[in-house]
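Visitor: Handing you a structure now.
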Amino acid sequence: GDRSSWSSAAGYRLLDKYARNLPGAETTSFFSTPDQVYSYPNGNKVKLFLKRTDAELWRILDFTFIEGAPYTADDVNEARPVAVITRTTRERLRLGQAAVGSTIEADGQRFRVAGVVEDVSRLREIPFAEVWVPHTTAKSDSYKAELLGGFNAIVLARDRASVPRMQEEFKSRLARAEL
């Protein structure tokens, strides 16, 4: 209203409805803000930052895989319990040098390690996490209906000239958003 406002990160539904298929976009990725979760390897409590993503994130951002590979669109579509972890997470969970195929627990869920990447600095807000899993493995799918929530998007433009057109189209879509 004209006397109040509400501010939050975007919800999945808002991004899904208004940020997909922008003109000039090669691909778009939606991902959650990192949640602090716990794992208990051998009874030891380990705090981790977990981010829920789609498979497009791995196409857009440049991660260095030291073992295995990212999860795929099929993994996301089928809600397969797979994860990518960092080198330090592999050490903290005591998985050894060959972690791919191992099972980890995070936030009370079990995931099979698909890949291991070099650590990502916390200062790199968009890519940062210690564990990445498909968003479809969330304990509930209620996030899919949220206009406001804990999701972000990143868009890979076909070329630099496409960026202003994408920005204008997104602004136009948001101006017509049904809130």
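The values are calculated or read from the model by the stated rules, or taken from the named source; none is laboratory data. No experiment lies behind these values; they were computed from the predicted model shown. Please note: Cβ atoms are built from the backbone with ideal geometry, for glycine as well, and neighbour counts cover all protein chains shown. In case anyone asks, the SASA skips ligands and DNA or RNA and just uses the protein heavy atoms, side chains included. Shrake-Rupley method; radii C 1.70, N 1.55, O 1.52, S 1.80 Å.
Visitor: Applying the selection to segment 116-135, what residues are farther than 9 Å from Ile85 by Cα and acidic (Asp, Glu)?
Guide: Glu125, the sole residue that qualifies.
Visitor: Now for a separate question. Residue pairs, Cβ under 6 Å, 6 or more apart or interchain, first in segment 45-59 and within 18 Å of Ala69 (Cα to Cα) and open to solvent by 10 Å² or more (accessible area, probe 1.4 Å), second of a type in the set (Val, Ile, Thr) and not in a strand (DSSP E or B). List them.
Guide: Short answer, once both residue conditions are applied: Asp54/Val76; Ala55/Thr72; Ala55/Val76.
Visitor: Filter segment 97-121 for residues that are exposed (fewer than 15 other Cβ atoms within 10 Å of the Cβ) and small (Gly, Ala, Ser); which is farthest from Phe63 (Cα to Cα)?
Guide: Within segment 97-121, the match that is farthest from Phe63 (Cα to Cα) is Gly108.
Visitor: Quick one: which strands (runs of 3 or more DSSP E) sit completely within segment 1-92 and have at least 3 residues that are closer than 17 Å to Lys139 by Cβ and modelled with pLDDT of 95 or more?
Guide: Those strands (runs of 3 or more DSSP E) span 35-39, 46-53.
Visitor: Look through segment 80-96, keep the residues that are more than 18 Å from Pro34 (Cβ to Cβ) and not acidic (Asp, Glu), and return whichever of them is surrounded by the fewest Cβ atoms within 10 Å (Cβ to Cβ). Before you say what the answer is, go through the steps one by one.
Guide: Pass one, segment 80-96, residues more than 18 Å from Pro34 (Cβ to Cβ): 80-81, 91, 94-96.
Going one step further and asking which of them are not acidic (Asp, Glu), we end up with 80-81, 94-96.
Details: Arg80: 17, Pro81: 18, Arg94: 12, Leu95: 20, Gly96: 9.
Only one residue fits best here, namely Gly96.
Visitor: Looking at (1) under 16 Å from the mean Cα position of the chain (by Cα); (2) in contact (Cβ under 8 Å) with a residue 40 or more places away in the chain; (3) open to solvent by less than 60 Å² (accessible area, probe 1.4 Å), can you tell me which one Met166 breaks?
Guide: (1)
Visitor: From the set of residues in segment 21-44 that are open to solvent by 50 Å² or more (accessible area, probe 1.4 Å) and touching a residue at least 40 places away in the same chain (Cβ under 8 Å), which is farthest from Val163 (Cα to Cα)? I'd like the intermediate steps shown before the answer.
Guide: Going through segment 21-44, the residues open to solvent by 50 Å² or more (accessible area, probe 1.4 Å) turn out to be 21, 26, 33, 35-36, 38, 40, 42-44.
Next, only the ones that are touching a residue at least 40 places away in the same chain (Cβ under 8 Å) stay: 26, 33, 35, 38, 40, 42.
Working: Glu26: 11, Thr33: 24, Asp35: 30, Tyr38: 39, Tyr40: 44, Asn42: 49 Å.
Across segment 21-44, the extreme among qualifying residues is Asn42.
Visitor: Yes or no: segment 123-133 includes at least one residue that is surrounded by 17 or more Cβ atoms within 10 Å (Cβ to Cβ), at pLDDT 95 or above and more than 15 Å from the chain's Cα centre (by Cα).
Guide: Within segment 123-133, none of the residues are surrounded by 17 or more Cβ atoms within 10 Å (Cβ to Cβ), at pLDDT 95 or above and more than 15 Å from the chain's Cα centre (by Cα).
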